[in-house]
Amino acid sequence: MQLSVEGKQLDIDEGLRAHVDEMLPPAIEKYSENPTDAKITMAKEGKSFRADIVVHFGKGVIVQGHASAEDAYAAVDVGTAHVSKRQRRYKRRLRAHHCAKDVNATSLRALQYVIEPELSVSEEANKNDQLIIVAKTETFIETLSASETVMRMDLSSEHALLFRNSKSGGMNFAYVSSDGNIGWIDPSVDDGGPAS
């Protein structure tokens, strides 16, 4: 597993790197087989330190954890525990997912765009009613069941996910609503009811 430790406007010393190397890999490998890489980003927020941890398991599975503490080492420990708890919750599914088919065999290729939030930045763009694209990357829309979708959203702290429904074969959209519940849009309707 590749492990990178970065600081956001913060210098990372060898002691903290060694602490991350000692704590994170054993916690990750305890509940999951063959993680591909992990990245921890440390940042200073006022008087506390924030640790953002992202672990990739391949085939589109990402586990994220976040923690803040007054000490950088404590932030790493709490963030590691957060990631470990999420993995423990979905241990069986993560192991089963490891044995699944290649991501390209069960997914659609798509382009993902990031647009500029301020539409009024460029008057020329407003005249032509064009959005300003900041980034464009290739992504995959995977074929998932409803329970796999909820698991993916919980593991990665994502607020929305577009997926191909493994039961109906149609495109579906899941999102976290303002009350914290998961909403699910299935546009394939047959006789007024959801597609089966």
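For segment 1-80, GluC sites (Glu not before Pro) meeting the loop criterion (DSSP other than H, G, I, E, B) and having at most 14 other Cβ atoms within 10 Å: E33, E70. From a point 7 Å beyond the Cα of S188 in the direction of its Cβ, which residues of segment 147-171 have a backbone N at a distance under 14 Å? Label zone hits: 163-171. Computed extension length for A69-S168: 31.1 nm, one decimal, from 0.36 nm per residue of separation with the Cα-Cα distance subtracted. The amide H of S157, built 1.01 Å from its N in the peptide plane, has Q64 as neighbours under 5 Å, considering only residues 5 or more places off or on other chains.
Between L3 and E29, residue separation times 0.36 nm minus the direct Cα-Cα distance comes to 8.1 nm. The trypsin sites (Lys or Arg not before Pro) of segment 1-97 that DSSP puts in a loop, and whose beta carbon has at most 16 other beta carbons within 10 Å, are K47. Amide H contacts of R164 (H built 1.01 Å from N, in plane; Pro and chain starts excluded): E142, T143, L144, N172 sit under 5 Å, all sequence-distant by 5 or more or on other chains.
In this structure, R89 and Q112 have a Cβ-Cβ separation that, at R0 = 30 Å, corresponds to a calculated FRET efficiency of about 0.65. The length gained by stretching the chain between D13 and S178 to full extension, at 0.36 nm per residue less their Cα-Cα distance, is 55.4 nm. Across segment 174-180, computed HN-Hα scalar couplings (Karplus, 6.51 cos²θ - 1.76 cosθ + 1.60, θ = phi - 60°) run 10, 8, 8, 7, 5, 8, x Hz from first to last residue, x flagging Gly and Pro.
Take I182: with every protein chain present and a 1.4 Å probe, its accessible area is about 80 Å².
The values are calculated or read from the model by the stated rules, or taken from the named source; none is laboratory data. The structure displayed is predicted, hence computed values, not measured ones. Note: ideal-geometry Cβ built from the backbone for every residue, glycine included; neighbour counts use all protein chains shown. What goes into the accessible areas is simple: the full protein's heavy atoms, side chains included, and nothing from ligands, DNA or RNA. Shrake-Rupley method; radii C 1.70, N 1.55, O 1.52, S 1.80 Å.
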